[in-house]
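Working notes for the structure below.
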Amino acid sequence: MTDVSRRERAAAWPPLPLDAWQDTLTTLHMWTQIVGKTRLALAPMENHWWQVALYVTSRGLTTSPMPSGTRTMAAEFDFIDHQLYLRASDGATRAVPLVPRSVAEFHAAYMEALASLGIEPGIRPVPVEVETAIPFAEDREHASYDADAANRCWRVLVQADRVFKRFRGRFLGKASPVHFFWGSFDLAATRFSGRPAPRHPGGAPNCPDYVMVEAYSRECSSCGFWPGGAAVAEPAFYAYAYPEPAGYAEHPVRPTGAYYSPAMREFVLPYETVRRAASPDEMLLEFLQSTYEAAADLGHWDRAPVERGVEA
């Protein structure tokens, strides 16, 4: 590998140690929830809540167009300009600067920008899927924004999104888009067996059980990227199956360095292991493929009709 290619790889897969930007991550998580709840309020319902997710762009994360009367509006976190842009289909544009400020201040600025566009969605102004759910308008505790760290996180999401889409293209059956869920702040892609799943027990913090019941209404094998926290205190790629088939936790997966986390009930591949690999793409694809095979084989999926092949 040449020095140039090493530099390019390092730029594409930057370091993202969790402890160095934990405060910014927590604040940004709340900001994405505020914007994501706009999609929840405006977009028509889709299976598994796919209508609420955000998507990786060449500059950040977007809601994609959301209907508001006869107009549409998209909100995009731009982690290059460090602005939240609101763009309506009638040409109106607003911007909310991404700077160190409290969740309460961001919430007020964002809602004011929406109102100036004539958009007033009914948003339940409390975060979900977090242990401590401070109402957005009252949250002055979380107020950090490290622009460099936010940009590096987005650059990691760009690479993960690119590789996940390559993996998604191998599957001909029902599969989710590659999308970013603001509730858990992770990028995810899911494959489905085609069979119904047992009712999910729920239990996500500050989240109604019916949300998880809908999300996991069909048997699935899911993978994703998460900046870390709780049981996995580092950024990591993950994979899990619902329902988890017998023997899944003990099933060997690749590459070396991947492991099963009993606390998470997921296979985990540390991001740092991937970014230091000679070929991060191939290492990540190996993890995605082997964990899917574990779920599909142990779960007795009918694989042949829905697989294009690993060479895709």
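The values are calculated or read from the model by the stated rules, or taken from the named source; none is laboratory data. Just so it is clear, the model here is predicted, and its values are computed rather than measured. No Cβ is skipped: glycine too gets one built from the backbone with ideal geometry, and neighbour counts run over all protein chains shown. Note: accessible area is taken over every heavy atom of the protein model, side chains too, but ligands, DNA and RNA are not part of it. Shrake-Rupley method; radii C 1.70, N 1.55, O 1.52, S 1.80 Å.
Go through the stretch 97-128 and count every residue that is assigned to a loop (DSSP other than H, G, I, E, B) and either of a type outside the set (Gly, Ala, Ser) or farther than 28 Å from residue 21 by Cα (or both).
Within the stretch 97-128, the first condition is being assigned to a loop (DSSP other than H, G, I, E, B), and the residues that meet it are 98-102, 117-128.
Cutting the leftovers down to either of a type outside the set (Gly, Ala, Ser) or farther than 28 Å from residue 21 by Cα (or both) gives us 98-101, 117-128.
Matching residues across the stretch 97-128 total 16.
How many residues does the stretch 228-246 hold that are assigned to a loop (DSSP other than H, G, I, E, B) and in contact with a Cys (Cβ under 6 Å, 6 or more places away or on another chain)?
Step one: filter the stretch 228-246 for residues assigned to a loop (DSSP other than H, G, I, E, B), giving 228, 230-231, 233-235, 243-246.
Then drop every residue that is not in contact with a Cys (Cβ under 6 Å, 6 or more places away or on another chain), which leaves none.
Number satisfying all stated conditions: 0.
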Residue among 139, 146, 186 that alone is open to solvent by 30 Å² or more (accessible area, probe 1.4 Å) and of a type outside the set (Gly, Ala, Ser): 146
From (1) without any contact (Cβ under 8 Å) to a residue 60 or more places away in the chain; (2) β-branched (Val, Ile, Thr); (3) closer than 16 Å to residue 61 by Cβ, pick out the condition that doesn't hold for residue 232. (3)
Of those in the stretch 131-160 that are in contact with a His (Cβ under 9 Å, 6 or more places away or on another chain) and in a helix (DSSP H, G or I), the residue farthest from residue 15 (Cα to Cα) is 137
Qualifying positions in the stretch 198-213 - surrounded by 13 or more Cβ atoms within 10 Å (Cβ to Cβ) and assigned to a loop (DSSP other than H, G, I, E, B): 200, 202, 204, 206, 207
I need the full set of residues from the stretch 239-293 which are within 22 Å of residue 157 (Cα to Cα), among the charged types (D, E, K, R) and open to solvent by less than 50 Å² (accessible area, probe 1.4 Å), in order please. 266, 275, 281
Quickly run through the stretch 161-195 and pick out the residues that are in a loop (DSSP other than H, G, I, E, B) and under 30 Å from residue 105 (Cβ atoms). 182, 183, 184, 185
Between residues in the stretch 111-135 that are under 17 Å from residue 63 (Cβ atoms) and residues that are among the hydroxyl-bearing types (Ser, Thr, Tyr) and at pLDDT 95 or above, which pairs lie under 7 Å by C-beta distance while being six or more apart or on different chains? 119/68; 121/38; 123/38
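Residues to consider are 195, 191, 218; find the one that is touching a Lys or Arg at 6+ places or on another chain (Cβ under 8 Å), among the basic types (Lys, Arg) and either open to solvent by less than 30 Å² (accessible area, probe 1.4 Å) or under 17 Å from residue 54 (Cβ atoms) (or both).
Values: 195 fails: either open to solvent by less than 30 Å² (accessible area, probe 1.4 Å) or under 17 Å from residue 54 (Cβ atoms) (or both); 218 fails: either open to solvent by less than 30 Å² (accessible area, probe 1.4 Å) or under 17 Å from residue 54 (Cβ atoms) (or both).
191 is the lone residue from the list that is touching a Lys or Arg at 6+ places or on another chain (Cβ under 8 Å), among the basic types (Lys, Arg) and either open to solvent by less than 30 Å² (accessible area, probe 1.4 Å) or under 17 Å from residue 54 (Cβ atoms) (or both).
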Complete set of residues in the stretch 271-312 that are of a type in the set (Lys, Arg) and either under 22 Å from the mean Cα position of the chain (by Cα) or over 17 Å from residue 165 (Cα atoms) (or both): 275, 276, 303
Positions within the stretch 216-255 being at positive phi and out of contact with any Asp or Glu (no Cβ under 8 Å at 6 or more places or on another chain), in sequence order: 229, 230, 247
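On the basis of being part of a helix (DSSP H, G or I), within 14 Å of the chain's Cα centre (by Cα), hydroxyl-bearing (Ser, Thr, Tyr) and closer than 19 Å to residue 123 by Cβ, does residue 32 make the cut? Give the steps one after another, and end with the answer.
Numbers: part of a helix (DSSP H, G or I): yes; within 14 Å of the chain's Cα centre (by Cα): yes; hydroxyl-bearing (Ser, Thr, Tyr): yes; closer than 19 Å to residue 123 by Cβ: yes.
When the stated conditions are applied, residue 32 passes them.
Quick grid of which residues meet (1) open to solvent by less than 10 Å² (accessible area, probe 1.4 Å); (2) free of Cβ contacts under 8 Å to residues at least 24 places away in the same chain; (3) within 24 Å of residue 176 (Cα to Cα):
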{"site": "6", "(1), (2), (3)": "no, yes, no"}
{"site": "14", "(1), (2), (3)": "yes, no, no"}
{"site": "40", "(1), (2), (3)": "no, no, yes"}
{"site": "45", "(1), (2), (3)": "no, yes, yes"}
{"site": "62", "(1), (2), (3)": "no, yes, yes"}
{"site": "72", "(1), (2), (3)": "no, yes, yes"}
{"site": "82", "(1), (2), (3)": "no, no, no"}
{"site": "89", "(1), (2), (3)": "no, no, no"}
Taking the stretch 247-294, which residues are over 26 Å from residue 192 (Cβ atoms), assigned to a loop (DSSP other than H, G, I, E, B) and not aliphatic (A, V, I, L, M)? 257, 276, 279
Residues in the stretch 163-176 that are open to solvent by 40 Å² or more (accessible area, probe 1.4 Å) and in contact with a helix residue (DSSP H, G or I) (Cβ under 8 Å, 6 or more places away or on another chain) total 2
